[in-house]
Structures are given as structure tokens and as C-alpha cells.
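First comes the structure, then the notes that go with it.
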Amino acid sequence: MMNYVSILKKNGELENTLSGNPYKITVLSNISIHQIKEVLEYTIRKQGVLAQVTIGNYDNLVQDSVTCKNNNLVIIFWEICNMIESFQFKIGLLSKKEIETLIKKIKLEIDIVFQNLRDSPLVLINKLTPIKVEHLTMLDDKVNNVVTVLNNYILKSLNKNMKVVDLDLILASVGIHNSRNFKHFYLSKMLYTVNFLKAYSNYILPFILAVNGKAKKVLIFDCDNTLWKGILGEDGIENIQLSAKTKDGLIFSEVQTLAKTLARMGVMIGICSKNNLKDVQDV
């Protein structure tokens with residue numbers, strides 16, 4: 001896997017090979033996240049898109065949302081651990097009324113940011129995730145409750161140009177301990193590791209490729225031992241396996257389901273096979 005220094009070098013080399021109008025991205029955050037600039041640029045530039053990433057001012061998300069609405073893409077990192085200093089610890093000292101006041105304040109900030117970015121081409125806002133403190137598990141429920149309330153409010157308030165990124169999926173793929181560095185967070189408010197930022201960049205890449213005409217639109221299947229188990233011309237329809245009724249057919253049934261799902265999302269599904277057309281149609 002490439003380290004951050006290698007990414008810096010390769011990213012600079014790619015910048016000099018790409019032409020055309022840049023795809024302008026601004027990242028707004030209430031934590032320090034400067035390393036995402038080169039990581040995200042490199043991930044996108046490898047696909048032939050001249051990405052230019054700008055990082056907003058630290059913890060100035062609401063104010064910065066006024067100035068970046070004309071960019072091609074705005075990404076929002078809003079971290080619960082820095083909405084107030086040491087949130088995951090202090091929540092144990094907050095009264096119910098103080099927590100409600102905090103939630104009301106954050107909801108108001110969400111409203112302002114969403115209003116400021118209503119005309120942006122595309123906005124990706126990360127789903128809030130709780131910060132687990134292993135020796136203070138008795139506080140997890142309080143943190144989780146606040147996170148749930150705010151995530152529900154975000155989902156309810158989304159504009160048509162906004163999509164939510166589920167950070168829990170990315171954290172699960174990389175691993176919590178490989179995704180976050182609390183030593184760096186306490187030193188410089190830099191919560192996420194380069195490994196996480198690489199996984200995050202790859203996760204949101206399809207959104208960016210789609211709007212730049214780089215998304216894959218067609219999926220071509222063979223038939224034998226691809227859409228079903230067996231060779232149709234030799235085994236006959238009665239002996240191939242393609243449904244969940246058999247153990248071997250189950251995986252092929254799942255492939256078919258995936259193909260149908262992609263078709264409903266606009267992907268064209270095709271077949272390239274030496275089978276007789278009528279035999280395939282009969283199946």
C-alpha cells in the first residue's frame with residue numbers, strides 16, 4: 001500500500017499530465033483533515049479527472065459554507081467529538097436540558113449550512129459516528145442518542161443535491177483502530193489516518209466519476225457457470241442450477257439479483273454467449 005509521501009509524489013506527477021477544466025472540490029470540517037487533499041486528488045486523478053481539492057478553515061464550517069457553493073462538489077466532515085471540546089467525556093456531566101440545548105444549536109447550524117449549499121451541484125455529508133471510549137462504556141448510550149437524533153435530522157433535512165456517506169461502513173472496512181489516531185487528535189485535532197482517508201476517497205469515487213462521465217454503464221455476462229451453474233448445451237435446462245433451491249445455485253441466484261438491482265439503477269445488462277439464443281430465452 002502506498003504511504004502518504006508516495007501519494008504526494010504521484011499526485012504531483014498526475015497533475016502535469018491531465019488537461020481540461022478542473023473538478024473543484026471543497027472539504028468543510030470541524031476537525032483538521034488536510035491530508036485528504038492529496039489523497040482525494042490522487043484517487044480521482046488516477047481515473048483521468050483533474051481534481052482540485054481545497055480545505056476549508058478549521059472548525060469554521062458554517063461560515064465557509066457561504067463561500068464554496070459554486071464548487072463542483074462540497075464534502076462535509078462534521079465530527080461529534082469536536083462539536084464541543086471533549087464531547088464524549090463531557091456528556092456525562094451535561095444535564096438533559098443542556099444536551100437538548102446543544103442539539104438545538106447543532107440543528108440550527110445544519111439548517112444554515114444546508115441553506116447555504118442548496119444550489120451547489122453536489123454535496124456529500126458524512127453520517128455522524130459516535131466516538132467509543134472503551135473504559136467509559138457507560139456513556140455510550142448518551143453519545144449514541146445524540147448521534148441518532150442528529151443523523152435523523154440530517155436525513156430529514158437533505159436537499160435534492162445532497163447525499164449521505166455512511167462512515168460506519170468505511171470504519172468497518174478499515175477497522176476502528178486503523179482509522180482513528182487519538183494521539184494526533186489531541187495534538188492537532190487530526191482524527192483520521194491516511195489509511196482511512198484512502199478508503200473514504202475510494203468510497204465516494206463513484207459519485208465523482210458519475211458526474212464526470214466516467215462511470216461504468218454496461219455489465220456484460222456470459223451464461224454457463226456465470227448466470228447459472230452448468231453448461232446449458234450439454235446438461236440441459238433441467239440440470240443447470242440457478243436458484244436458491246439448491247446449495248450450488250444460491251450464489252448464481254445472488255448474481256442474478258445483483259444484476260436486476262443494477263438494471264433498476266440504470267446500468268445496461270447484456271449477454272455475450274455461444275449458447276443458442278432460444279435455449280437462453282427458455283431458461
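The values are calculated or read from the model by the stated rules, or taken from the named source; none is laboratory data. Model, not experiment: these values are computed from the prediction. Positions of Cβ are generated from backbone atoms using ideal geometry, with glycine treated the same way; all protein chains shown enter the neighbour counts. Areas reflect the complete protein model, heavy atoms only, side chains present, ligands, DNA and RNA absent. Shrake-Rupley method; radii C 1.70, N 1.55, O 1.52, S 1.80 Å.
Computed with every protein chain present, the accessible area of Thr101 is close to 80 Å² [probe 1.4 Å]. Exceedance of the 29 Å cut-off in Cα-Cα distance is limited, within the set Lys127/Lys229; Lys90/Lys127; Lys24/Lys163; Lys163/Lys245; Lys160/Lys189, to Lys127/Lys229; Lys163/Lys245; Lys160/Lys189.
Computed from backbone phi, the HN-Hα couplings of the range 60-71 come to 10, 4, 5, 5, 5, 5, 6, 9, 10, 5, 8, 6 Hz, rounded to whole numbers (Karplus: 6.51 cos²θ - 1.76 cosθ + 1.60, θ = phi - 60°; Gly and Pro given as x). How would the range 1-138 be classified by its alpha-carbon gyration tensor: rounded, prolate or oblate, with rounded meaning a/c under 1.5 and the a/b versus b/c comparison settling the rest? Oblate.
Relative to the dominant Cα principal axis of the chain, helix 140-157 is inclined by about 70°. Judged by the ratio a/c of the largest to the smallest principal axis of the C-alpha gyration tensor, the range 216-283 counts as oblate, that ratio being 1.5 or greater while a/b is no larger than b/c. Protection proxy ranking for 94-100, 160-166, 65-71, using the average of other Cβ atoms within 10 Å per residue and placing the highest first: 65-71, 160-166, 94-100. Here are some values of percent of Cα pairs over 31 Å apart: (1) 36; (2) 43; (3) 32. Which one was computed from this structure? Step by step, percent of Cα pairs over 31 Å apart for this structure corresponds to label (2).
Highest mobility in the GNM of the chain, judged by mean-square fluctuation with C-alpha springs under 10 Å and restricted to Ser173, Ser86, Ser253, is found for Ser253.
Helix 96-116 and the longest principal axis of the Cα set of the chain meet at an angle near 60°.
In the chain, the calculated helix contribution to ellipticity at 222 nm averages -14000 deg cm²/dmol per residue, counting -39,500 (n - 2.57) for every DSSP H run with n ≥ 4. 3J(HN,Hα) along the range 20-32, derived from phi through the Karplus expression 6.51 cos²θ - 1.76 cosθ + 1.60 where θ = phi - 60°, amounts to x, 5, x, 8, 8, 10, 10, 10, 9, 7, 9, 10, 7 Hz, with x in place of Gly and Pro. Against the chain, whose longest principal axis comes from its Cα atoms, helix 36-45 is set at around 20 degrees.
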